[in-house]
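Notes follow once the structure below has been shown.
The values are calculated or read from the model by the stated rules, or taken from the named source; none is laboratory data. Given the structure is predicted, the values throughout are model-derived calculations rather than measurements. Glycine also receives a Cβ, built like all others from the backbone with ideal geometry; neighbour counts cover every protein chain displayed. Please note that ligands, DNA and RNA were not included when accessible areas were found on the heavy atoms of the full protein model with its side chains. Shrake-Rupley method; radii C 1.70, N 1.55, O 1.52, S 1.80 Å.
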Amino acid sequence: MGAILSLLFGSGDGGPDSMEGPAADVPDEETGLTPRQKRAVVVTWDLVKQDMKGNGVELLCRFFKEHPEYLEKFKAFATTPLDDLPENKKFQAHANSVMYAVTSVVDNLDDPGCLVEMLKKLGQNHGRRNIPEKAFLDLKAVLLQLLKDKLGSHLSPYGEEAWDKTLTTAFTVLFEGLKDPEGTNT
Ligand code: HEM
């Protein structure tokens, strides 16, 4: 209970990495994440959420600038010049979808069963669109860099590692769905 309360309300000096007691560093059996790592992710994502649309648009703009080869998967704006994407409403809507999906992951870090179902489904939806694993790994690299750039000193090396681990774990489950888009193995 103490760990949950401090996740919600903070503890110690209230910094993103701050949590008290030995339980704070005990990894969850299913996700491998410790309460302190989860807290670092929750607290930093709260800052990102303050400008959900702006950060989502920037995430995907950076992604398509670094990897224009993936644009062809997006019928709604595949032929829109990169510089026009930020103002394109379909692009903004997609950026929002991605950000809300990340928010659902962050909000459910304490419910691994629900997380697994959400991530497998997300993987299946993308598997049906033939999105390769590499595209997710490329997006992960862009997201981690965006977090560093946007959060500055609010993202400690500890927080960075927590994000890396969260995304790696999430994508491991997502890739199961990606490989089994019709859900025949579940
Ligand atoms: C953190 C990683 C990602 C998240 C959270 C995410 C989330 C979403 C969500 C919520 C949707 C709309 C609902 C659905 O159809 O499932 C969507 C659609 C889509 N995603 Fe992703 N996505 C991610 C990564 C990627 C990557 C790496 C690609 C490939 C380059 C991709 C390509 C697409 C495409 C093509 C659509 C359909 C767009 C449309 O036609 O409206 N996604 N994604």
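Taking the Cβ of L122 as the center, what net charge do the other residues with Cβ under 12 Å away carry, scoring Lys and Arg +1 and Asp and Glu -1?
Details: positive: K120, K121, R128, R129; negative: E117, E176.
Result for the neighbourhood of L122: +2.
How about region 116-186: which GluC sites (Glu not before Pro) there are in a DSSP loop, with at most 15 other Cβ atoms within 10 Å of their Cβ?
On the way: sites: E117, E133, E160, E161, E176, E182; in loops: E182.
Those satisfying the criteria are E182.
By how many nm would the segment from A23 to L47 grow when fully extended, if each residue of separation counts as 0.36 nm and the alpha-carbon distance is taken off?
Working: separation 24, 0.36 × 24 = 8.64 nm, distance 2.53 nm.
Additional length available on full extension: 6.1 nm.
Per residue, how much accessible area does the chain have with a 1.4 Å probe, in Å²?
About 54 Å² of surface per residue is accessible.
Give the shape of region 130-169 as rounded, prolate or oblate, defined through the alpha-carbon gyration tensor: a ≥ b ≥ c are the square roots of its eigenvalues, a/c under 1.5 means rounded, and otherwise the shape is prolate if a/b is larger than b/c and oblate if not.
Working: a/c = 4.59, a/b = 1.91, b/c = 2.40.
Oblate is the answer for region 130-169, as a/c is 1.5 or above yet b/c matches or exceeds a/b.
Please name which of H67, P112, T186 has its Cα lying farthest along the dipole of the chain towards the positive end, using unit charges on Cβ (Lys, Arg +1; Asp, Glu -1) and the Cα centre as origin.
The Cα lying farthest towards the positive end belongs to H67.
Tell me, in nm to one decimal, what length is gained between N185 and Y100 on full extension, where the rule is 0.36 nm per residue of separation less the Cα-Cα distance?
Values: separation 85, 0.36 × 85 = 30.60 nm, distance 2.73 nm.
Fully extending the segment from N185 to Y100 adds 27.9 nm.
Using every Cα-Cα pair within the chain, state what percent have a distance larger than 22 Å. Walk me through the numbers on the way to the answer.
Values: 8358 of 17205 pairs.
The proportion of pairs with Cα distances above 22 Å equals 49 percent.
Which trypsin sites (Lys or Arg not before Pro) from region 120-186 combine a DSSP loop assignment with at most 13 other Cβ atoms within 10 Å? Could the numbers behind the result be given before it?
Details: sites: K120, K121, R128, R129, K134, K140, K148, K150, K165, K179; in loops: R128, R129.
Answer by residue number: R128, R129.
Between region 22-56 and region 162-177, how many Å separate their Cα centres?
Distance between centres, Cα-based: 13 Å.
Within the accessible area of the chain, what % is carbon and sulfur when the probe is 1.4 Å and the other protein chains stay in place? Kindly include the intermediate steps, with their values, before the conclusion.
Values: 5450 of 10050 Å².
Here carbon and sulfur together make up 54 percent of the probe-accessible area.
Be a star and scan region 26-66 for residues whose amide nitrogen sits under 17 Å from the point 7 Å along the Cα-to-Cβ vector of L82.
57-66
Of the listed pairs K150/K179; K38/K150; K75/K148; K89/K165; K38/K75; K90/K165, which have alpha-carbon separations greater than 29 Å here? Before the final figure, lay out each step's value.
Details: K150/K179 33 Å; K38/K150 19 Å; K75/K148 31 Å; K89/K165 32 Å; K38/K75 36 Å; K90/K165 31 Å.
Check vs 29 Å cut-off fails for K150/K179; K75/K148; K89/K165; K38/K75; K90/K165.
For the chain, with only Lys/Arg (+1) and Asp/Glu (-1) charged at the beta-carbon, what is the dipole magnitude about the Cα centre, in debye rounded to 20? Walk me through the numbers on the way to the answer.
Details: 21 positive and 29 negative charges, 138 e Å.
With only Lys, Arg, Asp and Glu charged at Cβ, the dipole is about 660 debye.
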